[in-house]
1. Looking at the range 152-175 only, could you name the residues that are open to solvent by 10 Å² or more (accessible area, probe 1.4 Å) and either in a helix (DSSP H, G or I) or in contact with a Phe, Trp or Tyr (Cβ under 8 Å, 6 or more places away or on another chain) (or both)?
2. What helices (runs of 4 or more DSSP H), lying completely within the range 177-275, carry at least 1 residues that are within 14 Å of ILE161 (Cα to Cα) and in contact with a Pro (Cβ under 7 Å, 6 or more places away or on another chain)?
3. Going through the range 178-230 one residue at a time, which ones are out of contact with any Lys or Arg (no Cβ under 9 Å at 6 or more places or on another chain), more than 30 Å from THR125 (Cβ to Cβ) and open to solvent by less than 50 Å² (accessible area, probe 1.4 Å)?
4. How do the strands (runs of 3 or more DSSP E) wholly within the range 1-119 filter down when requiring 1 or more residues that are open to solvent by 40 Å² or more (accessible area, probe 1.4 Å): which remain?
5. If only one of LEU192, LEU163 is among the hydrophobic types (A, V, I, L, M, F, W, C), closer than 25 Å to SER234 by Cα and under 12 Å from the mean Cα position of the chain (by Cα), which one is it?
Amino acid sequence: MTVLVTGARGNIGSRLVEHLARTGRQVRASARDVTGLDVPDGVERVALDLTAPDEAALEGVRTAFLYPTFGDIGGFLAAAVKAEVEHVVLLSSPASYDPVEHAGPIGAAHQAIEAAVRESGLGHTVLYPSWLATNTIRDWGGQIKAGTVAIAFPDWRINPIHLDDYVEVAADLLVREQFRGRSVVLTGPESLSQREVVATVAAVLGRPIDVREQTREEAVAALPEWFPAPVFASLLDVAANAADVPATVNNNVERITGHPARTFAQWMRDNASAY
Ligand SMILES: NC(=O)c1ccc[n+]([C@@H]2O[C@H](COP(=O)([O-])OP(=O)(O)OC[C@H]3O[C@@H](n4cnc5c(N)ncnc54)[C@H](OP(=O)(O)O)[C@@H]3O)[C@@H](O)[C@H]2O)c1
């Protein structure tokens, strides 16, 4: 049985390819451009854009991991039906159902791809991870190195998930049926304020890192060019709404993997060299 993993260069996709290969699965890793795509020995590589139907990439594929691509993936899904793909695992976002975010741009985009997968008729599970621990690198990497992180709403309580937990669950759903369902919400084990997350980074790295509270206007002015402004506005709305409000914690990681969800401190210990 071949497992197709799209987005094999992504934070999640790359780790999923590695995990499936290490556990002895037949894996096909895809990226839109496979030039320089590094995969473990024995893993096939294929160029694939989910917005274009691609029967060759689907040949012999039993299950597939899909990124929430923003574009029409109807042709690809129809090809997957024709190729008799048994189950797809779709990465989505809590923004899809969050009380504040669901009507905003992040919510709408994720709802659209969920609808496309649902309407395709393919067996599928939608996976909703909480705040990815890698956000600390994406959003604060440079500032962590410089020793001060500027944050609007630093008391926004989030629930960082260790990517290895997400990957273990996704792999489980791809290779066995037991926990497949309409949707699975995955969280880390603890509700932490962004301030506490930065304090954990500092404690594990063993150097002081200050938090400087920004106004909303300062945060918008400092937005990097690559980050779409409406998406950021939606995130700030959530942060403002959830300051000092406990983040959801659930037990799905433990129920599916058999071990407790890893803490953010564990993420830091496992990935300190990336900071
Ligand atoms: N940040 C959070 O806290 C959070 C929480 C919950 C859910 N999420 C979801 O997780 C996603 C981020 O995951 P990540 O960090 O692993 O992402 P990432 O590292 O940015 O990787 C995104 C991947 O999507 C692939 N992709 C984009 N367009 C594609 C297309 N048309 N066809 C095929 N593949 C395509 C890219 O592949 P190429 O190599 O071809 O470019 C890339 O590998 C977010 O977009 C969101 O939906 C995020």
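1. Across the range 152-175, the qualifying residues are ASP164, GLU168, ASP172, VAL175.
2. Hits in the range 177-275: 194-205, 252-257, 264-271.
3. The answer is VAL198, THR200, VAL201, ALA202, LEU205, ILE209, GLN214, ALA219, LEU223.
4. Ranges flagged: 26-31, 44-47, 61-66.
5. From the options LEU192, LEU163, the qualifying one is LEU163.
Yes/no per residue for (1) touching an Asp or Glu at 6+ places or on another chain (Cβ under 6 Å); (2) within 10 Å of the ligand (Cβ to nearest atom); (3) on the phi < 0 side of the Ramachandran plot; (4) not assigned by the TED database to the domain that holds ALA80:
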position: ARG9; (1), (2), (3), (4): no, yes, yes, no
position: LEU16; (1), (2), (3), (4): no, yes, yes, no
position: GLY24; (1), (2), (3), (4): no, no, no, no
position: ARG28; (1), (2), (3), (4): yes, no, yes, no
position: ALA31; (1), (2), (3), (4): no, yes, yes, no
position: GLU44; (1), (2), (3), (4): no, no, yes, no
position: LEU50; (1), (2), (3), (4): no, yes, yes, no
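The values are calculated or read from the model by the stated rules, or taken from the named source; none is laboratory data. On a predicted model such as this, the values are computed, not experimentally measured, just so you know. Because the Cβ atoms are built from the backbone with ideal geometry, glycine has one as well, and the counts that use them run over all protein chains shown. For the accessible areas, the whole protein counts, side chains as well, though only heavy atoms, and no ligand, DNA or RNA atoms are used. Shrake-Rupley method; radii C 1.70, N 1.55, O 1.52, S 1.80 Å.
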